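Shown next, in structure tokens, is the structure this report addresses.
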Amino acid sequence: MKYYTSNYNPEYNVANVWVQHLGHIFNGAAHTHPQEENPSEFVGCEIAERRAVIKALKYERNLAKENLKKYQDFVKACECYKDWNKEDPSAKIVYRQLNRRIKQVNDLTEEIKNCEDLLKRYIVTREVLKKRLKEKKEKSK
């Protein structure tokens with residue numbers, strides 16, 4: 001996955017980031033609060049980038065799921081033959097590949113979940129910090 005481009009529109013307080021992954025380009029957007037005194041271009045772009053990465057990972061997971069489904073269908077077709085022997089070394093290779101594809105889908109699902117959790121924590125932490133700074137300014141007046 002690689003960074004493609006980004007932009008920030010101060011008029012609408014919107015940051016957009018595009019990342020390229022598996023030959024496709026994914027967009028992430030983030031809106032900052034209009035009432036924010038000094039909207040941060042960096043924060044908006046960071047949130048937008050994380051959202052674009054999540055979209056790219058979801059796309060990759062969907063491709064992996066399709067691949068897994070096709071392979072599961074292949075294994076089911078092989079198991080229907082009366083000469084199929086699960087203990088045969090070539091059959092073990094087929095099952096190993098099936099398990100590898102299942103693990104790939106599960107790993108991608110876990111990575112997406114972790115990225116979404118990190119994004120939520122980042123946004124919450126940002127809100128808490130803004131609230132504390134606002135309170136500090138009010139106390140100092």
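What follows draws every value from the coordinates through simple rules; no lab data is involved. Computed from a predicted model, the values in this text were never measured in an experiment. Cβ atoms come from the backbone with ideal geometry, glycine included; neighbour counts cover every protein chain shown.
Given Lys65/Lys131; Lys69/Lys113; Lys2/Lys86; Lys76/Lys120, which pairs have Cα atoms separated by over 31 Å?
The pairs that break the limit, which is 31 Å between Cα atoms, are Lys65/Lys131; Lys2/Lys86; Lys76/Lys120.
Would you mind getting me the FRET efficiency between Tyr3 and Ile123? Use the beta-carbon distance for r and R0 = 22 Å, nearest 0.05.
FRET efficiency, Tyr3 to Ile123: 0.60.
Grab the beta carbon distance between Lys131 and Leu98, set R0 = 35 Å, and tell me the FRET efficiency rounded to 0.05.
After rounding, the FRET efficiency stands at 0.10.
Calculate how steeply helix 41-79 sits against the longest principal axis of the alpha-carbon atoms of the chain, using the helix alpha-carbon long axis, and give the answer as 0 to 90 degrees to the nearest 10.
That helix lies at roughly 10 degrees to the long axis.
Find, among the trypsin sites (Lys or Arg not before Pro) in the range 1-110, those assigned to loop by DSSP (not H, G, I, E, B) with at most 16 other beta-carbon atoms within 10 angstrom.
Within the range 1-110, the qualifying trypsin sites (Lys or Arg not before Pro) (loop, at most 16 other Cβ atoms within 10 Å) are Lys82, Lys86.
Can you find, among Tyr81, Val105, Ile123, the residue farthest towards the positive end of the dipole of the chain? Put +1 on the C-beta of Lys and Arg, -1 on that of Asp and Glu.
Value computed over the given set: Ile123.
Report ³J(HN,Hα) in whole Hz for each residue of the range 10-16, in order, from the Karplus equation J = 6.51 cos²θ - 1.76 cosθ + 1.60 where θ = phi - 60°; Gly and Pro get x.
x, 5, 9, 6, 10, 10, 10
Starting from the Kirkwood radius over alpha-carbon pairs of the chain, derive D by Stokes-Einstein at 4 °C in a medium of 1.567 mPa s and give it in µm² s⁻¹.
Translational D for this selection: 70 µm²/s.
For the chain, take the longest principal axis of its alpha carbons; what is the angle in degrees between that and the long axis of helix 89-140, to the nearest 10 within 0 to 90?
The answer is roughly 10 degrees.
Select from the range 71-116 those chymotrypsin sites (Phe, Trp or Tyr not before Pro) which occupy a DSSP coil region and have at most 10 other Cβ atoms within 10 Å, ordered by residue number.
Tyr81
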